[in-house]
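Chemist: Take this structure first; my questions come after.
The values are calculated or read from the model by the stated rules, or taken from the named source; none is laboratory data. Quick caveat: nothing in here was measured; it's all calculated off a predicted structure. Neighbour counts are summed over all protein chains in view; Cβ atoms, including those assigned to glycine, are modelled from backbone coordinates with ideal geometry. Areas reflect the complete protein model, heavy atoms only, side chains present, ligands, DNA and RNA absent. Shrake-Rupley method; radii C 1.70, N 1.55, O 1.52, S 1.80 Å.
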Amino acid sequence: MLIEPTSCLSPRGPCTLSIVGDMPEFFSFPNPVNEKAARTVAFVVMVVCVVGLASSAYWLFLPLAYGFIARVLSGPRLSPLARLATAVVAPRLGAPKPVPGPPKRFAQAIGATLTTAGVVVAFGLGAHSAGDALFANLIAAAALESIGGLCLGCELFALLIRVGVVPERICSECVDVSAHLQRAPS
């Protein structure tokens, strides 16, 4: 059942509420993404993973899994770490460096998969070695992104486009960042 827009009165006057109409925007991912914010998030992920593995504090991976899932679903909107990186840290690192959003979302989905699987096997099933291996891979990927500027998920996304698994129309939306910048509010 769809929820139709309804009228309401607010102190600022009449308004329209539409739960269904606002959902696609709420569950959207930014395109382009500020590379500096993405690298900041990756750095914190790397540090939390190192601390979690070094101390066997597997509970630390629960908020990491949540953060990845939140970023996949709605970009920085539901992720406190991404909001901090986007609104506070990245602006202090200089001018934004726009990069295509869809490959970053794909990379976040890989992170969500690794952390969720790691939490289930290490924290839930007690298979610490298997969880450690997943988290070690996450550390490597996050280090490459945060320190080296190499996004493994983005590279895999590009490969999937080249071999035809991801449609080329997605690629055209990703490649031309300048079109997104012209539409962006100043």
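Chemist: Can you run down the residue pairs with Cβ atoms below 8 Å, 6 or more apart or on separate chains, where the first is in region 147-165 and surrounded by 12 or more Cβ atoms within 10 Å (Cβ to Cβ) and the partner is among the basic types (Lys, Arg)?
Modeler: Hits for this filter: 149/39; 151/104; 153/104; 154/104.
Chemist: Could you check how many residues of region 15-53 are out of contact with any helix residue (DSSP H, G or I) (no Cβ under 9 Å at 6 or more places or on another chain) and either at pLDDT 95 or above or among the polar types (S, T, N, Q) (or both)?
Modeler: Final tally of qualifying residues: 2.
Chemist: Working only within region 95-112, note down all residues that are open to solvent by 40 Å² or more (accessible area, probe 1.4 Å) and in contact (Cβ under 8 Å) with a residue 40 or more places away in the chain.
Modeler: Residues satisfying the conditions are 96, 97, 98, 105, 106, 110.
Chemist: Separate question: Does any residue in region 64-79 that is within 11 Å of residue 110 (Cα to Cα) come within less than 7 Å, Cβ to Cβ, of a residue that is polar (S, T, N, Q) and surrounded by 20 or more Cβ atoms within 10 Å (Cβ to Cβ) six or more places away or on a different chain, and which pairs are these?
Modeler: Every condition considered, the pairs that remain are 65/115; 68/108; 68/115; 72/108.
Chemist: Moving to a separate point now. Go through 82, 87, 122 for me and flag whichever is of a type in the set (A, V, I, L, M), open to solvent by less than 50 Å² (accessible area, probe 1.4 Å), under 16 Å from residue 41 (Cβ atoms) and assigned to a helix (DSSP H, G or I).
Modeler: Criteria check complete, one pass: 82.
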